[in-house]
Amino acid sequence: MKAQAVRLRPIVQHAVGDAYEVSDAPLSSQIGSGALPIDQLPSHGLAIRTVKAEREAHGSLASLEAALRALPRPVIGRIAEKTLWLDLRCLEASDEAAFDTQLGALTSLIVRLRP
């Protein structure tokens, strides 16, 4: 997963533009269900933060999260600690090309979905 995050980081950075900073980062995946889904597995993914100088002019984490969810194949992340976290645990290597291809639509979606 770490190698995948390192491969995808520049692709996602290009797609989201200057308003955001993308880095690869370790994280924990929550597993389980029911009343106590407390088990966690070590994982790796992408951490996306707004760039302070660009924040008001170009976007927010909420608009980026909405744009990712609106893609033809939705990308689901979570916002915590002023960061949009994308866990790569469920992105198969065989799906990376499709993930990359649809990222071209992000810029227009972010603008359209901006509050």
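Restricting attention to the stretch 1-35, the residues that are at pLDDT below 90 and small (Gly, Ala, Ser) total 8.
For residue 76, are the conditions met, namely being over 18 Å from residue 23 (Cβ atoms), out of contact with any Pro (no Cβ under 8 Å at 6 or more places or on another chain) and at pLDDT below 90? Considered against the rule, which asks whether it is over 18 Å from residue 23 (Cβ atoms), out of contact with any Pro (no Cβ under 8 Å at 6 or more places or on another chain) and at pLDDT below 90, residue 76 comes out as no. Only one of the numbered conditions (1) over 19 Å from residue 4 (Cβ atoms); (2) exposed (fewer than 13 other Cβ atoms within 10 Å of the Cβ); (3) modelled with pLDDT of 90 or more is violated by residue 38, and that is (3). For the stretch 65-107, what are the residues that are exposed (fewer than 11 other Cβ atoms within 10 Å of the Cβ) and either aromatic (Phe, Trp, Tyr) or in contact with a strand residue (DSSP E or B) (Cβ under 7 Å, 6 or more places away or on another chain) (or both)? Across the stretch 65-107, the qualifying residue is only 82. Listed by first and then second residue, the pairs with beta-carbon distance under 7 Å, at least 6 apart or on different chains, first residue in the stretch 85-96 and under 22 Å from residue 61 (Cα atoms), second open to solvent by 60 Å² or more (accessible area, probe 1.4 Å), are 85/78; 88/1; 89/1.
The values are calculated or read from the model by the stated rules, or taken from the named source; none is laboratory data. This structure is a prediction, so every number in the text was calculated from the model and none was measured. Cβ coordinates were reconstructed from backbone atoms using ideal geometry, including for glycine residues, and neighbour counts include every protein chain displayed. Note: accessible area is taken over every heavy atom of the protein model, side chains too, but ligands, DNA and RNA are not part of it. Shrake-Rupley method; radii C 1.70, N 1.55, O 1.52, S 1.80 Å.
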